[in-house]
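Below: one structure, written as structure tokens.
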Amino acid sequence: MENSYSRLLEGNRRFSDTRKLADPEYFKKLSLGQSPEYLWIGCSDSRVPANEITGTKSGEIFVHRNIANLAVHTDVNLLSVLEYAVNYLGVKHIIVCGHYGCGGVMAAMSNKSYGLVDNWLRNIKDVYNKHEKELLAITDKDKRENTLVELNVIEQVRNVAKTTIVQNAWKKRPLHIHGWVYGINSGLITDLCCIVDEKEDIDTIYRFEL
Ligand code: CO
């Protein structure tokens, strides 16, 4: 087999062999079930693979990825992943991880049209609009982009917290939502320290009497 995808299958066999060599029961144990502690909401960007950049293995992180790591309250995909992770897997931490140089964020900052995705990126334009004063005060273009990447992560952390799924969970147990940004050029994650873990952390209008 000499084509561009065959190396993926070869890579898979090497992966399987390496794991089995280290622990012959590795896959048997994984097949029994999963109980990850973390839900990862990240960007689809090929350079931001959740397990690889956090040094974790199969079974450790439940993952949801989309363009520009958005938590949109009408997205049934996101809501289903969130509910399953919180109510069935019992994750303790939800991590929204954006990244600098995010194509989605940069596109949203411009007035160019990219087709259907314009409607998805509208969510970032809303973040921009909400923080326009702060953003326009930044003269350096890269700095302004980086700041929007960070603000977008913070807004998505809040969006996760605004769901009934998270607020219901808070009645019963601790659940922490974190905002991180990954630097593609450094390989390092920065914790934005915008942790949300109780109803009081979100604006009053979004709090539900549950
Ligand atoms: Co991105």
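The values are calculated or read from the model by the stated rules, or taken from the named source; none is laboratory data. Here the structure is a predicted model, which means the values were calculated and not measured. When we count neighbours, we look across all protein chains shown, and the Cβ atoms used for this are built from the backbone with ideal geometry, even at glycine. Surface areas here come from the heavy atoms of the whole protein model, side chains and all, with no ligands, DNA or RNA. Shrake-Rupley method; radii C 1.70, N 1.55, O 1.52, S 1.80 Å.
Looking at Glu145, Glu155, which is the one that is at pLDDT 95 or above, open to solvent by less than 70 Å² (accessible area, probe 1.4 Å), among the charged types (D, E, K, R) and under 25 Å from Glu52 (Cβ atoms)?
Working: Glu155 fails: under 25 Å from Glu52 (Cβ atoms).
Answer to the check: Glu145.
Here Ile67 meets each of (1) within 16 Å of the ligand (Cβ to nearest atom); (2) in contact (Cβ under 8 Å) with a residue 12 or more places away in the chain; (3) open to solvent by less than 40 Å² (accessible area, probe 1.4 Å) with one exception, condition (3).
Would a scan of the range 95-113 turn up a residue that is at pLDDT 95 or above, in contact with a His (Cβ under 6 Å, 6 or more places away or on another chain) and either under 23 Å from Asn185 (Cβ atoms) or of a type outside the set (A, V, I, L, M) (or both)?
Taking the range 95-113 first, the residues at pLDDT 95 or above are 95-113.
With in contact with a His (Cβ under 6 Å, 6 or more places away or on another chain) added as a condition, the list becomes 95.
Checking the rest, the ones that are also either under 23 Å from Asn185 (Cβ atoms) or of a type outside the set (A, V, I, L, M) (or both) come to 95.
Within the range 95-113, one or more residues are at pLDDT 95 or above, in contact with a His (Cβ under 6 Å, 6 or more places away or on another chain) and either under 23 Å from Asn185 (Cβ atoms) or of a type outside the set (A, V, I, L, M) (or both).
It is to be established whether one or more residues within the range 111-125 are open to solvent by less than 20 Å² (accessible area, probe 1.4 Å) and in a loop (DSSP other than H, G, I, E, B). No, the conditions are met nowhere in the range 111-125. For the range 127-171, a tally of residues being within 30 Å of Val91 (Cβ to Cβ) and of a type in the set (Gly, Ala, Ser) returns 2.
Considering Leu188, Leu210, which residue is open to solvent by 30 Å² or more (accessible area, probe 1.4 Å) and at pLDDT below 95? Give the steps one after another, and end with the answer.
Working: Leu188 fails: at pLDDT below 95.
Within the list Leu188, Leu210, the selection yields Leu210.
Answer yes if at least one residue in the range 171-187 is in the same structural domain as Glu52 (by TED's automatic domain parsing) and part of a helix (DSSP H, G or I), and no otherwise. Yes, the range 171-187 contains a residue that is in the same structural domain as Glu52 (by TED's automatic domain parsing) and part of a helix (DSSP H, G or I). Per the conditions (1) within 20 Å of Ile189 (Cβ to Cβ); (2) away from the ligand (no atom under 16 Å from the Cβ); (3) touching a His at 6+ places or on another chain (Cβ under 8 Å), the sole criterion not satisfied by Thr54 is (3). When Lys92, Lys133, Lys125, Lys143 are checked against the criterion of being within 16 Å of the ligand (Cβ to nearest atom) and assigned by TED's automatic domain parsing to the domain that holds Gly187, Lys125 stands alone in meeting it.
Conditions (1) surrounded by 12 or more Cβ atoms within 10 Å (Cβ to Cβ); (2) in contact (Cβ under 8 Å) with a residue 24 or more places away in the chain; (3) within 16 Å of the ligand (Cβ to nearest atom), marked per residue:
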{"position": "Asn3", "(1), (2), (3)": "no, no, no"}
{"position": "Lys20", "(1), (2), (3)": "yes, no, no"}
{"position": "Ser31", "(1), (2), (3)": "no, no, no"}
{"position": "Phe62", "(1), (2), (3)": "yes, yes, no"}
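Residues in the range 74-110 that are within 16 Å of Val157 (Cβ to Cβ) and open to solvent by 80 Å² or more (accessible area, probe 1.4 Å): Lys92 alone. Of all residues in the range 70-123, those satisfying the criterion of being within 21 Å of Ala169 (Cα to Cα) and without any contact (Cβ under 8 Å) to a residue 24 or more places away in the chain are Thr74, Asp75, Val76, Asn77, Ser80, Tyr84, Tyr88.
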